[in-house]
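Notes follow the structure.
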Amino acid sequence: MLESLSLAAGLSWASGLRLYLTVFVAGLFERMGLIHLPDTLAVLGSPWVIGVAAVLAVVEFLADKIPAFDSLWDAVHTLIRIPAGAVLAAGTLGHADPALLTIAALAGGTLAGASHFAKAGTRALINLSPEPVSNWAASATEDVGALLGIAFAMFVPLLFLVMLIFFLVCAGWALPRLARGVHGGVSRMAKHMLPSTHTSMNRLRSKHD
């Protein structure tokens, strides 16, 4: 039960950071015999699924390194990562009681949402700065963190669950502050751009006159 709980939490949490990498690693490990996924997730071991997930993981890896575009990518994937996290969490329980599957799906979606919004909020805040170095560093940290999280969830379940609790505590503290930081940064940019817009319009009117 501990292993199933860790796997469900790990797949849903990691999908909020790197969905396609999560599917690729889980499918590859299943294919190699390193782990045994429930029948409901056995499709992840299909060569087709592994191949498509690998291509999408490379695309996401590259897209996530482009400042500003990474935030657009995150915005679009809000509608993908969270439902996927719910499906993966429920799938790890196999053919369990429907009530338990529903609870697992809700918990999985919540975990995926927590990691996704923590990632998206951090990257949006970083993108308000013009330099790209911190963006690349954050992206590389997320790549490594997702891989380590998946590995711990599969092979060291107790340690992963302890780390997950720590993450949730940190996320609960950080998410409101990230939201305020992004809102404040966008407001400052809007105020800075507004006078420039007025100046340009006045110049056009002067030329027209």
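Quick note: the coordinates plus some simple rules give every number you see, no bench work behind them. Remember, it's a predicted structure, so these values are computed and weren't measured experimentally. Virtual Cβ from ideal backbone geometry, glycine too; neighbours counted across all protein chains shown.
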*asked:* Beyond 16 Å, how much of the Cα-Cα pair distribution for the stretch 1-111 remains, as a whole percent?
replied: 58
*Could you bin all the Cα-Cα distances of the stretch 101-166 into 10 Å bins starting at 0 and give me the percent of pairs in each, rounded to whole numbers?*
18, 41, 29, 10, 1
*In whole Å, how far is the Cα centre of the stretch 90-146 from that of the stretch 1-79?*
11
*Compute the length gained on full extension between residue 99 and residue 61: take 0.36 nm times their separation in residues and subtract their Cα-Cα distance, giving the result in nm to one decimal.*
10.1 nm
*Which whole-Hz ³J(HN,Hα) couplings does the stretch 86-99 yield from phi under the Karplus relation 6.51 cos²θ - 1.76 cosθ + 1.60, θ = phi - 60°, glycine and proline marked x?*
5, 5, 5, 5, 5, x, 5, 8, x, 9, 7, 4, x, 5
*asked:* Quick check: pseudo-label points 7 Å beyond the Cα along Cα→Cβ at residue 148 and residue 42, how many nm apart are they?
replied: 3.5
*In nanometres, what is the gap between the two model label sites at residue 180 and residue 137, each 7 Å from Cα along Cα-to-Cβ?*
2.4
_Efficiency of FRET from Cβ geometry, residue 128 and residue 52, R₀ 30 Å, rounded to 0.05_ = 0.30
